[in-house]
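One structure is given here, and the rest of the page talks about it.
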Amino acid sequence: MKEIVKSVHIILKEENELNELEQQLVTAAKEATFRSYAPYSKFCVGAAVLLENGEVITGNNQENCAYPSGLCAERTTLFYANSKYPDVPVRMLCIAARDTKGEFTNSPISPCGACRQVMLETEHRFGKPIKIMLYGTDGTYFVDSASDLLPVAFDSNSLL
Ligand code: THU
């Protein structure tokens, strides 16, 4: 028997420790929460991605009365970015969320499993890691890549 341990390296930064670019992405993700369509959960999530061409693209969760037909902010944003610029790698992704009271969450918002899988596909597609920023008013988590958030992932090699 062997034991395999996978750990994740997370940096936690306070708002005043963010550099200009990081602050720009946080602001963009926060602003995107105000354009969410979340009449059912009233939980508004915004995402901002920085592309290698310097463009920042934002998106948010889009809900549906047939609940599973809705889509999370991360996937809305990545699918839009990749559909607009199919050849441009994604460098960074930041998410922020407002709770049912309309307040930004204190704890960093954590992406769901399906969004992690899509982030991972985007990394593999371009062969470059995506730096992930998870915003909360108490601080922002930084991880170096989507694969850190999804250890032991299903990937295309599994299909071979
Ligand atoms: N949601 C996101 O957009 N991203 C996440 O990382 C977690 C959850 C959305 C889905 C749904 O519209 C609402 O938040 C409540 O789950």
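The values are calculated or read from the model by the stated rules, or taken from the named source; none is laboratory data. As the structure is a prediction and not an experimental result, all values here were calculated from the model. Glycine gets a Cβ as well: all are built from the backbone with ideal geometry, and neighbour counts include every protein chain shown. With ligands, DNA and RNA removed, areas are computed over all heavy atoms of the protein, side chains included. Shrake-Rupley method; radii C 1.70, N 1.55, O 1.52, S 1.80 Å.
General observations
- When each of the peptides 79-85, 7-13 is scored by the mean number of other C-beta atoms lying within 10 Å of its residues, the order from highest to lowest reads 79-85, 7-13.
- Computed [θ] at 222 nm, helices only, for the chain once each DSSP H run of length n ≥ 4 contributes -39500 (n - 2.57): -8500 deg cm²/dmol
- In sequence order, the range 15-23 has phi-based couplings of 4, 6, 9, 6, 7, 4, 5, 4, 4 Hz under the Karplus curve 6.51 cos²θ - 1.76 cosθ + 1.60, θ = phi - 60°, and Gly or Pro positions carry x.
- Taking label points 7 Å from Cα along the Cα-to-Cβ direction, Asn19 and Leu160 give a separation of 3.6 nm.
- Comparing Thr58, Leu18, Ile132 along the charge dipole axis of the chain, the residue lying farthest to the positive side is Thr58, per the Cβ-charge model.
- Rg in Å to one decimal, and Dmax rounded to a whole Å, for the range 4-160 via C-alpha atoms: 15.0, 47
- For the range 5-35, the residues whose amide N sits under 14 Å from a probe point set 7 Å from the Cα of Ser110 along the beta carbon direction are 8-10.
- With 0.36 nm allotted per residue and the present C-alpha distance subtracted, the Ser83-Ile4 stretch has 24.7 nm of extension available.
- All lysines inside 29 Å of Lys128 as judged from Cα atoms, apart from same-chain residues fewer than 8 positions distant: Lys6, Lys13, Lys30, Lys84
- If R0 equals 35 Å, the separation of the Cβ atoms of Phe126 and Arg35 corresponds to a calculated FRET efficiency of about 0.85.
- Accessible surface for the range 10-153, divided over its residues, is 49 Å² per residue with a 1.4 Å probe.
- Rounded percent of accessible protein surface that carbon and sulfur make up, the chain, 1.4 Å probe: 53 percent
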